[in-house]
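The values are calculated or read from the model by the stated rules, or taken from the named source; none is laboratory data. In this text, all values refer to a predicted model and were calculated from it rather than measured experimentally. Backbone-built Cβ (ideal geometry, glycine too); neighbour counts: all protein chains shown. Surface accessibility is based on the protein's heavy atoms, side chains included, excluding ligands, DNA and RNA. Shrake-Rupley method; radii C 1.70, N 1.55, O 1.52, S 1.80 Å.
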Amino acid sequence: MTLEAHRHALGEAGKLKLRATAILAEGDDLESRFRAAVLLHDAARAEARAMRAVAAPSDQERLGSLVEQCMCFVEGCDPLGAARLRGQILEYRDRVDRTTFERMSGRLKPAYDQLARRWASAIRGSRSLLAHRVLVPSDPEARDAVGAEIEGLADRFPGTAELWWGVHRHYEAIGDWKAAWEAIERARQLQPDNHRYLEFAVLLAARRRPVEEARRFLAGTFEQLDRLPSAVSLFVALGELELAGRRRAAAHEHWRAGLKAVHAGLSKPQDQEVARLHQYLEATRLLLVALLAGEKPTMDLLYQAGLGDLVIATTSRQKPQDVLRAALSTADPGQDWLRAA
């Protein structure tokens, strides 16, 4: 890392902030505020890159960078992201002298406190969300009420990726696939390094986007698998299974592509923390091997992979791939804020 890299990243952050300011000056509609939020999130990441380019930064330099990043999240209407960085900032109270800490963090405090109050008020006003504390209640009336509140929160805090994930889940539940895709893409724009959002986008693309678009999306993700966690490989393989069902004439092509994705995931180091993931990868491998051999996959392959607990509650009509997809599609990443609200 060099001084040149540090300066380049800081310059990039400055330009992104200026572009965001210009967009907000032009309009206050949701699309403008969202575009500005994306730019400000990009600016925060550029600020972080600038600090990583410094060989041995002082505590004061680290604190200054964190304040700049947090301000980006505050201005980008992301109270959850700002709160996470606020916690990191507070760690420096005992690392720098009190006067320096108060001076550097003081310019952030009024804006942060105002955002925090707005967020707390908005959450308190979301009565259905607080009553159910899940993104998609099973009762249709409650589901619609929670969905409306989540969408209202996303309009007020468009830089919060977790809210767009909630909007995605609502539209997915009611079968509005276009709106569900647009929402998860917004979440991914705000948090491009969030691999969980990518995983669910892969499945949604394979199942519901136009076939050629889905093929390009999966192919582009496959090319990045060496830089992505093993879980993404699993979802790409499952996506190829979905495409095989939509393009039966080219099913073998998709099964082979899926098997390559599985092998990419299995080739990475495994440890106890991802033992369950390894079982899902192995089950998907057995499933694809059976399909390529012209065999009908049975639930036995799930037992073989160590996923018998998934099988025991299934019906005789379910297919192994349906069980895998259902088990992997129920988690809501990054929703601790909702349980704690």
Kyte-Doolittle at least 1.0, axis length at least 15 Å by Cα - qualifying DSSP helices, the chain: 230-246
Packing-based order for 307-313, 26-32, 188-194, 288-294, using average beta carbon neighbours within 10 Å, highest first: 188-194, 288-294, 307-313, 26-32
Extension reserve of the HIS263-LEU3 stretch, reckoned as 0.36 nm per residue once the Cα distance is removed: 89.6 nm
Residue-span extension gain [LEU18 to SER329] - 0.36 nm each, minus C-alpha spacing: 108.1 nm
Restricting the stretch 130-234 to chymotrypsin sites (Phe, Trp or Tyr not before Pro) in coil, as DSSP defines it, with at most 16 other Cβ within 10 Å: none
Residue-averaged 222 nm ellipticity for the chain, from DSSP H runs of 4+ at -39500 (n - 2.57), nearest 500: -23500 deg cm²/dmol
For the chain, alpha-carbon Rg over 2.2 N^0.38 Å: 1.12
Accessible solvent surface per residue of the chain, calculated while the other protein chains remain in place, 1.4 angstrom probe, Å²: 50 Å²
Cα gyration tensor shape of the stretch 246-331, rounded if a/c is under 1.5, else prolate or oblate by comparing a/b with b/c: oblate
Around ARG156: net Lys/Arg minus Asp/Glu count, Cβ-Cβ under 14 Å: -3
Residues in the stretch 149-164 reached by a label modelled at ALA131 [backbone nitrogen below 15 Å; 7 Å Cα→Cβ]: 149-150
Estimated FRET transfer efficiency when R0 is 51 angstrom, pair GLU182-ARG107 (beta carbons, to 0.05): 0.90
Cα centroid separation, the stretch 89-108 to the stretch 200-258 (Å): 48 Å
Summed residue charge, Cβ within 14 Å of THR298's Cβ, Lys/Arg positive, Asp/Glu negative: 0
Shape of the stretch 174-270, Cα gyration tensor, a/c cut at 1.5: oblate
Gain on full stretching of the segment that runs from VAL289 to GLU61 - 0.36 nm per residue minus C-alpha separation: 76.7 nm
The stretch 63-191: C-alpha gyration tensor shape, a/c 1.5 cut-off, then a/b vs b/c: prolate
Spin-label pair ASP97/ALA148, simplified geometry with 7 Å Cα→Cβ offset, distance in nm: 5.7 nm
Zone residues, the stretch 57-94, relative to ASP155, backbone N less than 19 Å from point 7 Å out along Cα-to-Cβ: 77-79
Percent carbon-and-sulfur accessible area, the stretch 33-88, ignoring ligands, DNA and RNA, probe 1.4 Å: 49 percent
